[in-house]
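The values are calculated or read from the model by the stated rules, or taken from the named source; none is laboratory data. Worth saying up front: this structure is predicted, and the values here are computed from it rather than measured. FYI the Cβ positions are ideal-geometry reconstructions off the backbone, even for glycines, and counts take in every protein chain you see. All accessible areas refer to the heavy atoms of the entire protein, side chains included, with ligands and DNA or RNA removed. Shrake-Rupley method; radii C 1.70, N 1.55, O 1.52, S 1.80 Å.
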Amino acid sequence: MVHLRLKDIKEYAIKNRVPIMQEDGIEFLINYIKENNIKRVLEIGSAIGYSAINIASQSEDIKVTTIEKDPNMYNIALNNIKNTGMQDRIKIIFEDALFVDIEEKYDLIFIDAAKSQYIKFFEKFSKNIDKGGVIVTDNLSFHGLVEDDSKTNNRNTKQLVKKIRKYIDFLKNNKDYDTTFYKIGDGISVSIKK
Ligand code: SAH
Ligand code: MG
């Protein structure tokens, strides 16, 4: 039942150009969650709830808190969460994540929102995981532009590429975390807190 819904949500996303996680990316994330027995997830950037619902549908014990600032996306996500009957396990917060203050601890934080703010998200929510906890980030390849930005002349895109490279350096130099980069989906990093 949830799988049928997920298929519909994905179709909607593709039709409406909602940038949900790529298939192999979500598969990687879900495997990581299962293998590491992760139960408490915080997601920055819900869009229409596709990844949150996907994660929560892996086990009845998984709880997801997800943050979305766009009213349109938020409303669709809320609706999708209710339709899958997961409102008890997926809590969606309608707010700019940079203004959200959460005290709770999580096993995994998934950063999948504005690429220009990745360092800020990482620093802000680092307090919400303990040693051994993990921060996963999506879109570090940005359609391959991070590796080779000669494919674009757009100034804003180039600016974003710069910010992502800066974030990658930030992760590499961050002594509180061990980060591994994966060429999966649109580029994923896994940063484990030491
Ligand atoms: N995780 C989703 C896709 C998220 S797309 C999935 O794979 O299904 C990125 C989303 O982040 C967009 O909906 C955008 O509105 C939201 N976003 C961007 N900046 C944000 C911020 N500062 N706070 C909360 N949400 C943000
Ligand atoms: Mg993404």
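Residues to consider are Asn72, Asn79, Asn37; find the one that is open to solvent by 80 Å² or more (accessible area, probe 1.4 Å) and outside any helix (DSSP H, G or I).
After ruling out the rest, the residue left standing is Asn37.
Would you check which residues across the stretch 1-17 are surrounded by fewer than 16 Cβ atoms within 10 Å (Cβ to Cβ) and closer than 13 Å to Ile76 by Cα and list them?
If the condition is that a residue be surrounded by fewer than 16 Cβ atoms within 10 Å (Cβ to Cβ) and closer than 13 Å to Ile76 by Cα, then Asp8, Tyr12, Asn16 are the ones that fit.
What do you reckon, is Ile168 crowded, with 20+ Cβ neighbours inside 10 Å and away from ligand 1 (no atom under 13 Å from the Cβ)?
The answer is no for Ile168.
State yes or no: is Ile119 farther than 20 Å from Tyr177 by Cβ and open to solvent by less than 70 Å² (accessible area, probe 1.4 Å)?
Considered against the rule, which asks whether it is farther than 20 Å from Tyr177 by Cβ and open to solvent by less than 70 Å² (accessible area, probe 1.4 Å), Ile119 comes out as no.
Looking for something part of a loop (DSSP other than H, G, I, E, B), in contact with a helix residue (DSSP H, G or I) (Cβ under 9 Å, 6 or more places away or on another chain) and within 23 Å of Thr65 (Cβ to Cβ) - is there at least one such residue anywhere in the stretch 165-184? So that I can check it myself, show each step before the final result.
First pass over the stretch 165-184, keeping only residues part of a loop (DSSP other than H, G, I, E, B): 174-176, 183-184.
Remaining after also requiring in contact with a helix residue (DSSP H, G or I) (Cβ under 9 Å, 6 or more places away or on another chain): 174, 176, 184.
Still in the running and within 23 Å of Thr65 (Cβ to Cβ): 176.
Among the residues of the stretch 165-184, at least one is part of a loop (DSSP other than H, G, I, E, B), in contact with a helix residue (DSSP H, G or I) (Cβ under 9 Å, 6 or more places away or on another chain) and within 23 Å of Thr65 (Cβ to Cβ), which makes the answer yes.
List, please: which pairs have Cβ atoms under 6 Å, are six or more places apart or on different chains, and start with a residue in the stretch 33-61 that is without any contact (Cβ under 8 Å) to a residue 24 or more places away in the chain and end with one that is part of a loop (DSSP other than H, G, I, E, B) and away from ligand 2 (no atom under 15 Å from the Cβ)?
Asp61/Lys39
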